[in-house]
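Values quoted throughout were computed directly from the atomic coordinates according to the rules given, and no laboratory measurement underlies them. From a predicted model like this one, the values you see are computed outputs, not experimental measurements. Heads up, the Cβs are rebuilt from the backbone with ideal geometry, glycines too, and the neighbour counts pull from every protein chain shown.
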């Protein structure tokens with residue numbers, strides 16, 4: 001494994017950082033306070049390639065490698081956690097399944113539409129009121145065949161991007177007998193009759209990234225909206241989540257890096273006992289610990305991404321990357337707030353928002369506990 005980025009990746013990093021610095025960071029506080037998605041930034045994401053990172057070029061995307069995805073999500077997380085989450089849900093969850101498993105008809109119809117940045121985003125609905133971590137056994141939303149259509153009934157919740165999506169890829173049960181081959185993915189346009197997208201949840205953080213409950217009441221879509229073979233939904237979902245976990249780890253990197261930079265700047269400016277905070281060994285040790293943790297997390301995110309790019313198994317490494325990077329971000333931002341003292345608790349400073357944003361990262365796309373199960377099972381299996 002080469003620890004140096006290639007020239008294309010270096011240019012990509014510069015482009016995405018400049019985009020995040022100009023389009024995301026200045027509005028991060030505003031999207032949090034207003035609880036509104038940053039549409040202006042998304043409109044400019046298409047030409048940059050950020051709206052089609054999982055979409056092949058023939059369908060209007062940039063189709064970047066996984067290391068480039070990590071680079072992008074770290075920079076977007078540095079700019080704004082809310083917008084970064086919406087982008088990764090769009091790219092990794094909302095478009096990747098179509099690009100990887102969808103029919104040519106679905107690819108041609110939907111991928112160019114969402115890759116441009118001129119329209120709405122993609123979304124994937126997995127979680128249900130009674131099914132969070134238990135996807136195989138807990139999904140009750142069902143799809144029944146009726147002539148040349150699927151008829152979908154059920155409910156989903158915590159659907160990232162639901163209210164700002166063109167379509168929602170929905171995980172449904174197509175075989176009532178259950179088992180690992182009983183689930184399927186079906187694309188549901190958001191203007192479908194019988195689909196209700198409820199108002200966004202009132203969340204602790206990441207308020208500029210809507211999460212919605214969904215209700216399906218005899219929603220009818222063509223049989224051709226099936227993504228991949230019938231009964232392969234569980235396998236497709238698990239593969240999708242593996243890649244998504246690396247991206248969530250990368251967003252956490254960006255949040256942590258941004259908080260550390262702000263803590264360093266504050267420590268250099270703030271005076272106490274006739275010297276700057278940065279001159280105190282206690283502060284220096286905190287900053288050293290931040291740097292160590294961020295570097296370790298980035299290295300492992302890159303390792304997991306490199307394995308994926310090489311076509312090698314990476315499920316365990318993706319779980320490690322997400323587990324460590326997300327919990328690392330909480331620790332780093334906690335210390336950034338401590339360095340700010342009372343100001344760190346004020347909305348006048350960004351670190352309090354970053355702390356709220358980071359909290360979800362240990363929950364979404366597999367909780368820390370689920371990732372520990374994934375890791376331990378693979379280790380014990382030898």
Which order do peptides 35-43, 357-365 fall in by mean Cβ count within 10 Å, highest first?
357-365, 35-43
Using 0.36 nm per residue, how much length does the chain from residue 8 to residue 310 gain when fully extended, once their Cα-Cα distance is taken away?
107.0 nm
Between 0 and 90°, nearest 10: helix 315-340 axis offset from the chain longest Cα axis
40 degrees
Go ahead and collect, in residue order, the members of the stretch 48-73 whose backbone nitrogen is under 12 Å from a label point 7 Å along the Cα-Cβ direction of residue 30.
none
Dividing the alpha-carbon Rg of the stretch 103-168 by 2.2 N^0.38 Å yields what?
1.31
Order the peptides 52-60, 4-12, 157-165 from the highest to the lowest mean number of other Cβ atoms within 10 Å of their residues.
157-165, 52-60, 4-12
Want the number for residue 217 to residue 133: 0.36 nm per residue separation, take away the alpha-carbon distance, what's left?
27.8 nm
How large are Rg and Dmax for the stretch 234-381 when calculated on the C-alpha trace, in angstrom?
17.3, 61
What's the ranking of 292-305, 133-146, 17-30, 273-286 by average number of surrounding C-beta atoms within 10 Å, highest first?
292-305, 17-30, 133-146, 273-286
The relative contact order of the chain, taking Cα pairs under 8 Å that sit 6 or more residues apart, comes to a percentage of 17 percent
Calculated from DSSP H runs of 4 or more alone, at -39500 (n - 2.57) each and per residue, what is the 222 nm mean residue ellipticity of the chain, nearest 500?
-16000 deg cm²/dmol
Specify the angular offset, from 0 to 90 degrees and rounded to the nearest 10, of the alpha carbon long axis of helix 368-381 from the longest principal axis of the alpha carbons in the chain.
80 degrees
Which whole-percent values make up P(r) of the chain when all C-alpha to C-alpha distances are grouped in 20 Å steps starting at zero?
29, 57, 13, 1
To test your reading of the geometry: what angle, between 0 and 90 degrees and rounded to tens, separates the Cα axis of helix 281-309 from the longest principal axis of the chain?
30 degrees
Roughly speaking, what is the stretch gain from residue 272 to residue 144, that is 0.36 nm per residue apart minus the C-alpha to C-alpha distance, in nm to one decimal?
39.3 nm
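For the stretch 7-121, compute Rg over Rh where Rg is the Cα radius of gyration and Rh is the Kirkwood radius from the inverse mean 1/r over Cα pairs. Numbers along the way, then the final one.
Details: Rg = 13.6 Å, Rh = 14.0 Å.
Radius of gyration relative to Kirkwood radius: 0.97.
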